[in-house]
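Peer 1: For reference, the structure I am asking about is given below.
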């Protein structure tokens, strides 16, 4: 099986063929470090964490670069508002970003470069563009000349003439063309500055990613990723300046994920629908957020709601409960007994990994892949519930192998990373603290129900079971008596 990836530039899926066999170079645009990360940032980080995990599982040696923008208009404005330096502000939010990523279980990139650590590389790239006639200086600013690059607009599918017609040109516009963009900005009073051949200033936003990707991945690399909001102008401008400077194809595959919305509106602080990662994981387990995000294909819009997160919690509990219950089955069965599992169910469990991988190979279709895992859980639960008292060894082996396969596949998404039995215990302990019934009252109810059953008062026994179930307590009758557990969502 080969992996197929949707390429934003071509508008279609094509087989993944890396520039160097067995190795893959990936660059993803990181945060502008001036505020707490929101769930849109979480989606971006989790999507590319999933992609990196899966590519490594499929045998690729992945070099993953994700940058930090630590100098920018927003950072300067926020630092002035807080009466601090840009360096202090960006360092503080980079540290918080790392805390958020660790809480989500996101693997660290190979390298995390910062823009301000790469001024020599940025200046060198701007000089290259000036020498080639693709950039020009106005006072202490330097602009990229879009009319000098024939492929401008090819990534976003835009026409330069149409873009010019729609642009607003100010009276004192210094640029040759309204779509020309800044490579270097001369400093204003009170702003951080670095020396350059064009005077004191700072880099533009787009040039930093081109300079850092060139340093760590070379002139050309395999995959460039980010949100759909970066296609234009950021990635369009990156491609123009990089290919203009080197004359080589910048990126083979452009991968962009969809937006996160709340009630079908894009997140906005002004609308009051802005949720940070920290706010979300105070209420919900990080793996539940993963499951919620991966339940939708990465290219599609994702609408966040508490109801959707509760569904994800319930789904996660269903996965862990199945694994925990199979884990607690006997280690071996009756090797003389004939198996009771149907051929169709056996085949579905045995081919589960193959179907999961086929879905993931189809442009990382995590939603379809998760569907196969839940189908597997449904079949395993059915098999387990109908096992005889002394199950056949072959049946036990299938159950345990099926559970192992589910966990291995889920791990490629960063899911089911905890020990199942311990996870269920922890979730039940959390819920017990919120119940209006004590363990002593539960045991008293079980004793009363046992007495009712011994007296063949089945109506009373059922009534007690229903009363406990209404309070979130699930009873299980077995050879050694009745046990109870908290019913998970």
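Peer 1: Based on the Cβ-Cβ distance of residue 385 and residue 13, what FRET efficiency does E = 1/(1 + (r/R0)^6) give at R0 = 45 Å, to the nearest 0.05?
Peer 2: Details: r = 40 Å, r/R0 = 0.89.
Step by step, r from the Cβ atoms, then E = 0.65.
Peer 1: 7 Å from Cα along Cα→Cβ at both residue 112 and residue 23: what's the point-to-point distance in nm?
Peer 2: 2.4 nm
Peer 1: I've got another one for you. Taking only Cα atoms of region 275-377, what ratio of Rg to Rh do you get with Rh as the Kirkwood inverse-distance radius? Numbers along the way, then the final one.
Peer 2: Working: Rg = 17.1 Å, Rh = 15.9 Å.
Answer for region 275-377: 1.08.
Peer 1: Nearest 0.05, what FRET efficiency do residue 432 and residue 193 give at R0 = 51 Å with Cβ-Cβ as r? The partial results should precede the final answer.
Peer 2: On the way: r = 59 Å, r/R0 = 1.16.
My answer for the efficiency is 0.30.
Peer 1: Then there's this: How large is the translational diffusion coefficient of region 70-147 in µm² per second when you combine the Kirkwood radius over alpha carbon pairs with Stokes-Einstein at 37 °C and 0.692 mPa s? Don't jump to the answer; show the numbers that get you there.
Peer 2: On the way: Rh = 15.3 Å.
The diffusion coefficient I find is 214 µm²/s.
Peer 1: Count the DSSP beta bridges whose two residues both fall in the chain, then state the antiparallel fraction as a percent rounded to the nearest 5. Intermediate results must be reported in sequence, preceding the final value.
Peer 2: On the way: 25 of 48 bridges.
Of all bridge pairs located within the chain, approximately 50 percent are antiparallel.
Peer 1: For region 82-111 and region 426-479, write down the distance between their C-alpha centroids in whole Å.
Peer 2: Measuring centre to centre over Cα atoms gives 48 Å.
Peer 1: Could you give the alpha-carbon Rg of region 435-486 over 2.2 N^0.38 Å, rounded to two decimals?
Peer 2: On the way: Rg = 10.3 Å, N = 52, 2.2 N^0.38 = 9.9 Å.
The value comes to 1.05.
Peer 1: Between region 35-69 and region 125-157, what's the alpha-carbon centroid distance in Å?
Peer 2: Computed from Cα coordinates, the inter-centre distance equals 30 Å.
Peer 1: Normalising by the residue count of region 19-278, find the relative contact order in percent from Cα pairs under 8 Å and 6+ residues apart. Intermediate values should be presented prior to the final figure.
Peer 2: On the way: 394 pairs, mean separation 60.8, N = 260.
Value for region 19-278: 23 percent.
Peer 1: Stokes-Einstein diffusion coefficient for region 154-268 at 20 °C in a medium of 1.002 mPa s, Rh from the Kirkwood formula over Cα pairs: what value in µm²/s? Mind dumping the intermediate values first?
Peer 2: On the way: Rh = 16.5 Å.
Diffusion coefficient, whole number: 130 µm²/s.
Peer 1: Note the full-extension length gain between residue 311 and residue 87 as 0.36 nm times their separation in residues minus their Cα-Cα distance, in nm to one decimal.
Peer 2: Details: separation 224, 0.36 × 224 = 80.64 nm, distance 4.11 nm.
Gain on stretching residue 311 to residue 87: 76.5 nm.
Peer 1: Which percent of the Cα-Cα distances in region 366-474 go past 21 Å? Could you put the intermediate results ahead of the total?
Peer 2: Values: 3509 of 5886 pairs.
Cα-Cα pairs of region 366-474 separated by over 21 Å account for 60 percent.
Peer 1: What do you get for the angle between helix 352-361 and the principal long axis of the chain? Use alpha-carbon atoms, 0 to 90 degrees, nearest ten.
Peer 2: 10 degrees
Peer 1: Expressed as an acute angle from 0 to 90° and rounded to the nearest 10, what is the orientation of the C-alpha long axis of helix 119-131 relative to the principal long axis of the chain?
Peer 2: 50 degrees
Peer 1: If each residue of separation counts as 0.36 nm, what is the full-extension length gain between residue 61 and residue 351 once their alpha-carbon separation is subtracted? Before the final figure, lay out each step's value.
Peer 2: Values: separation 290, 0.36 × 290 = 104.40 nm, distance 2.66 nm.
Result: 101.7 nm gained on full extension.
Peer 1: Could you list 205, 458 so that the one with the fewest beta carbons within 10 Å of its beta carbon is first and the one with the most is last?
Peer 2: On the way: 205 22, 458 10.
Least crowded to most crowded, the residues run 458, 205.
Peer 1: Would you work out the Kirkwood radius for region 98-192? I mean one over the mean of 1/r across all pairs of different Cα atoms, in Å. Present the calculation step by step, with values, prior to reporting the outcome.
Peer 2: Details: mean 1/r = 0.0610 Å⁻¹.
One decimal place: 16.4 Å for the Kirkwood radius.
Peer 1: Right, next: Any idea what log10 I(q)/I(0) is at q = 0.08, 0.12 Å⁻¹ for the chain, Debye with uniform C-alpha scatterers and no solvent?
Peer 2: Computed log10 I(q)/I(0) values: -0.62, -1.11.
Peer 1: Still on this structure, please answer the following. Want the number for residue 265 to residue 358: 0.36 nm per residue separation, take away the alpha-carbon distance, what's left?
Peer 2: On the way: separation 93, 0.36 × 93 = 33.48 nm, distance 3.30 nm.
Here the segment from residue 265 to residue 358 would lengthen by 30.2 nm.
Peer 1: Calculated FRET efficiency, residue 343 and residue 368, Cβ-Cβ r, R0 22 Å, to nearest 0.05?
Peer 2: 0.35
Peer 1: Starting from the Cα of residue 80, step 7 Å along the direction of its Cβ; do the same at residue 454; then give the gap between the two resulting points in nm.
Peer 2: 8.2 nm
Peer 1: For region 19-278, give the share of DSSP beta bridges that are antiparallel, in percent and rounded to the nearest 5; count only bridges with both residues there.
Peer 2: Of all bridge pairs located within region 19-278, approximately 45 percent are antiparallel.
Peer 1: Here is a further query. Please compute, over every Cα-Cα pair in region 1-123, the percentage with a separation greater than 22 angstrom.
Peer 2: Details: 3411 of 7503 pairs.
Of the Cα pairs, 45 percent sit more than 22 Å apart.
Peer 1: Related question: Given only helices, namely DSSP H runs of n ≥ 4 each adding -39500 (n - 2.57), what is the per-residue ellipticity at 222 nm of the chain, to the nearest 500 deg cm²/dmol? Each step should come with its number before you reach the end.
Peer 2: Working: 17 runs with 227 residues, N = 489.
Helix-only estimate at 222 nm: -15000 deg cm²/dmol.
Peer 1: Considering all projection directions equally, how large on average is the shadow of the alpha-carbon convex hull of region 221-280, in square nanometres? Display every interim value, and only then the final one.
Peer 2: Numbers: hull surface 22.5 nm².
So the mean shadow area of the Cα hull is 5.6 nm².
Peer 1: What distance in nm separates the two pseudo spin-label positions at residue 174 and residue 400, each 7 Å out from Cα along the beta-carbon direction?
Peer 2: Here the answer is 7.3 nm between the modelled labels.
Peer 1: May I ask for the distance between the Cα centers of region 373-406 and region 210-264, given as a whole number of Å?
Peer 2: A separation of 45 Å, based on Cα centres.
Peer 1: Rank these for me by crowding, 12, 290, going from fewest to most other beta carbons within 10 Å. If you can, show how the numbers build up before the last one.
Peer 2: Details: 12 8, 290 25.
With the fewest neighbours first, 12, 290 line up as 12, 290.
Peer 1: Using the Cα atoms as the points, what is the convex hull volume per residue of region 19-278 in Å³?
Peer 2: Working: hull volume 38.0 nm³, N = 260.
Given the Cα convex hull of region 19-278, per-residue volume reads 146 Å³.
Peer 1: Taking the Cα atoms only, what angle lies between the long axis of helix 420-432 and the longest principal axis of the chain, rounded to 10 degrees?
Peer 2: The angle comes out near 80 degrees.
Rule-based calculations on the coordinates, nothing more; no lab input. Computed from a predicted model, the values in this text were never measured in an experiment. Using ideal geometry, Cβ is built from the backbone for each residue, glycine included, and neighbour counts are taken over all protein chains shown.
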